[in-house]
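J.: Please find one structure pasted underneath; my questions will follow.
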Amino acid sequence: MSGYLIVLAVAGGVTLLSTPLARWLSFRTGAVVPPDERRVHTRPLPVLGGLAMFLGFLAGMGVATRIEQFDPVFEGTSEPLGIVICAVITFLVGQIDDVRELSPPAKMAGQVLGASLLSLLGVTMLFFRLPFLGFWSLSPDLAPLVTVLWVVGMSTAINYIDGLDGLAAGITAIAAGSFALYSDRLFDQGLLPNESNSISPLLAVIVLGMCVGFLPWNLHPARIMMGDAGALLLGMLMAASTLLVGGQTAEGTSGTTYFFFAPLVIPLVILGVPIVDTAFSIVRRAAKRSGVMVRDKDHLHHRLMRIGHGHRRAVFILWAWTALLSGLVLLPVYTDATNAIVPFGMAGLAIALYTVLHPQVRRQRADQLELDLDPEVPVD
């Protein structure tokens with residue numbers, strides 16, 4: 001674990017220390033987002049936080065290349081180069097969009113370019129397995145397309161959920177830490193190649209460090225935003241990490257533990273909050289005949305605030321759901337306890353009750369009911 005802890009500390013430390021510099025640069029260059037009807041913040045916020053996260057990523061990767069433990073990860077493979085190139089393209093696309101606001105087609109084209117190069121350099125989905133439904137080996141002409149869809153989809157999911165202070169960074173930190181532990185367990189079970197030859201857990205640890213280093217500056221009230229540059233970068237790195245575990249192994253277990261060793265499904269469970277939010281967003285915008293990239297204020301976090309939850313409480317609730325889903329995956333994998341779903345079901349019920357029965361929510365509901373019955377009654 002020593003090598004991973006060093007990389008974690010470096011990625012987190014560089015992100016933490018460079019964030020105030022990115023904040024200063026934002027004000028210096030005018031890269032500041034004013035409040036508007038699509039956002040919840042009430043004062044101008046600097047938007048170059050993604051730059052600090054990108055520097056944390058580069059620092060983490062650079063230090064890893066100097067640690068003997070990770071020599072097999074970087075020798076004789078083009079995967080690290082593909083990840084770095086895709087990260088650079090993704091960051092630049094997001095950064096340009098933060099500063100100059102790219103058109104949705106141009107933004108998507110940049111993401112597709114980065115994901116295509118990622119696939120070309122070896123980070124691609126070779127196998128596709130769903131629990132109890134079967135296993136497929138993807139053909140060479142189909143694998144790049146599925147890879148691009150996976151990367152773009154996960155990047156979009158993280159970008160959509162980045163609507164409240166600390167929300168995207170916290171959810172991604174929980175997901176990255178959980179996936180690093182899950183990957184380690186798969187290696188221990190012999191279901192994946194030797195861990196020393198895989199960059200997947202290293203990427204997850206770097207993402208965890210980036211998020212942990214950024215969170216002190218991004219918690220409510222945030223002093224800086226990660227912007228599209230940070231959100232798209234986090235999604236791309238998580239997509240690459242999960243591809244290298246779930247899309248490149250044909251191994252699996254059977255019976256009651258099959259689900260928990262289906263590596264392509266696990267990221268969908270761990271990142272369930274942003275993925276569900278993205279799915280509803282696509283359906284909602286299709287119903288309204290608006291573009292998928294058009295911003296609105298009907299995401300999960302917006303709805304939580306509308307029913308009466310404050311900024312921090314809405315973030316906490318979505319963090320809690322992510323932690324619950326991550327635990328639902330990790331506990332059975334580490335304990336082989338098939339009845340572990342029971343306490344997680346109870347925890348989920350507790351979170352749901354807290355969400356709908358919090359005193360502030362009941363007060364908001366009562367005020368709204370009173371307003372509906374008598375429009376003359378003023379509401380605080």
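J.: Condition first: β-branched (Val, Ile, Thr) and within 21 Å of Leu208 (Cα to Cα). Can you find one or more residues in the range 38-53 that meet it?
T.: Yes, the conditions are met somewhere in the range 38-53.
J.: Checking the structure you have, find out if any residue of the range 23-37 is at pLDDT 95 or above, aliphatic (A, V, I, L, M) and surrounded by 13 or more Cβ atoms within 10 Å (Cβ to Cβ).
T.: Within the range 23-37, one or more residues are at pLDDT 95 or above, aliphatic (A, V, I, L, M) and surrounded by 13 or more Cβ atoms within 10 Å (Cβ to Cβ).
J.: Here are the criteria: (1) within 24 Å of Leu58 (Cβ to Cβ); (2) modelled with pLDDT under 95. Tell me which single one Phe128 does not satisfy.
T.: Among (1) within 24 Å of Leu58 (Cβ to Cβ); (2) modelled with pLDDT under 95, Phe128 violates only (1).
J.: Could you count how many residues in the range 1-22 are in a helix (DSSP H, G or I) and surrounded by fewer than 19 Cβ atoms within 10 Å (Cβ to Cβ)?
T.: Looking only at that region, the number is 9.
J.: Which one of these is farther than 15 Å from Gly227 by Cα and buried (at least 22 other Cβ atoms within 10 Å of the Cβ): Gly49, Gly56?
T.: One residue alone meets the criteria, Gly56.
J.: Would it be correct to say that Gly49 is more than 22 Å from the chain's Cα centre (by Cα) and farther than 30 Å from Leu142 by Cβ?
T.: No: the conditions fail for Gly49.
J.: Limited to the range 330-361, what total is found for residues that are at pLDDT below 80 and surrounded by 17 or more Cβ atoms within 10 Å (Cβ to Cβ)?
T.: Total meeting the criteria: 5.
J.: Would you check if there is a residue in the range 206-213 being touching a Pro at 6+ places or on another chain (Cβ under 8 Å), crowded, with 24+ Cβ neighbours inside 10 Å, hydrophobic (A, V, I, L, M, F, W, C) and modelled with pLDDT of 90 or more?
T.: no
J.: Would you mind stating whether Leu138 is surrounded by fewer than 22 Cβ atoms within 10 Å (Cβ to Cβ), in contact with a strand residue (DSSP E or B) (Cβ under 7 Å, 6 or more places away or on another chain), closer than 26 Å to Ser198 by Cβ and not polar (S, T, N, Q)?
T.: Yes.
Residue-wise test of (1) under 30 Å from Pro104 (Cβ atoms); (2) buried (at least 23 other Cβ atoms within 10 Å of the Cβ); (3) at pLDDT 80 or above.
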| residue | (1), (2), (3) |
| --- | --- |
| Leu264 | yes, no, no |
| Phe280 | yes, no, yes |
| Lys297 | yes, no, no |
| Leu318 | yes, yes, yes |
| Leu328 | no, no, yes |
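J.: Give me the pairs, please: first residue somewhere in the range 72-96 and farther than 14 Å from Leu203 by Cα and buried (at least 16 other Cβ atoms within 10 Å of the Cβ), second residue anywhere and modelled with pLDDT under 95 and basic (Lys, Arg), beta-carbon distance under 9 Å, and either six or more positions apart or on two chains.
T.: From the range 72-96, the pairs are Val93/Lys107; Gly94/Lys107; Ile96/Lys107.
The values are calculated or read from the model by the stated rules, or taken from the named source; none is laboratory data. This is a predicted model, so every value here is computed, not measured. Please note: Cβ atoms are built from the backbone with ideal geometry, for glycine as well, and neighbour counts cover all protein chains shown.
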